[in-house]
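To start, the structure under review is shown below, and the notes come after it.
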Amino acid sequence: MVRPWLKYPGGKASLLPAIWAVGPWDLWGTGARSYHEVFLGGGALYLSLLNRRPDVRARLSDSNEDLIDAWRTLIDVDPLLIRS
C-alpha cells in the first residue's frame with residue numbers, strides 16, 4: 001500500500017475518506033486513465049489514487065516550485081520510489 005510520506009501544510013491526508021465519499025470517481029468506470037492534480041502538496045490524494053488505480057497516468061502540479069522540484073528529484077532518483 002502506498003502511504004503519504006511527505007507532511008505538507010494543508011495536506012489532504014486526513015480528508016481522504018470524505019474526498020473518496022463525494023468525489024466524481026465514477027470517471028474511472030468510463031475507462032479514463034488520466035488524472036490532473038492541481039494542488040499536489042504532499043501527494044496524499046495522488047498516492048491514494050495509486051493504491052486504487054495503479055495504472056492511472058497523472059499530471060501533477062502545484063504553485064510551489066520547490067515542492068515540484070522535490071517530487072521531480074524523487075522521480076529522477078527512482079521512479080518506483082513513489083509507488084513503494
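A short reminder: the numbers here are calculations on the coordinates, not readings from a lab. Since this is a predicted model, take the numbers as computed values, not measurements. Heads up, the Cβs are rebuilt from the backbone with ideal geometry, glycines too, and the neighbour counts pull from every protein chain shown.
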Peptides 61-70, 48-57, 34-43 ordered by average Cβ neighbours within 10 Å, highest first: 34-43, 48-57, 61-70
Charge context of residue 69, other residues only, Cβ under 13 angstrom, K/R +1, D/E -1: -3
So if R0 is 25 Å, what FRET efficiency would residue 19 and residue 67 give, r being the distance between their Cβ atoms, rounded to the nearest 0.05? 0.80
Show me, for segment 12-22, the HN-Hα J-couplings you get by feeding each phi into the Karplus relation (A = 6.51, B = -1.76, C = 1.60, θ = phi - 60°), rounded to Hz, glycine and proline as x. 9, 4, 6, 9, 3, x, 5, 5, 5, 6, 10
5 Å is the cut-off here: which amide hydrogens, built 1.01 Å from N in the peptide plane, fall below it relative to residue 62, excluding neighbours closer than 5 in sequence? 40
So, with points 7 Å from each Cα along the Cβ direction, the residue 75-residue 56 label distance in nm works out to 1.5
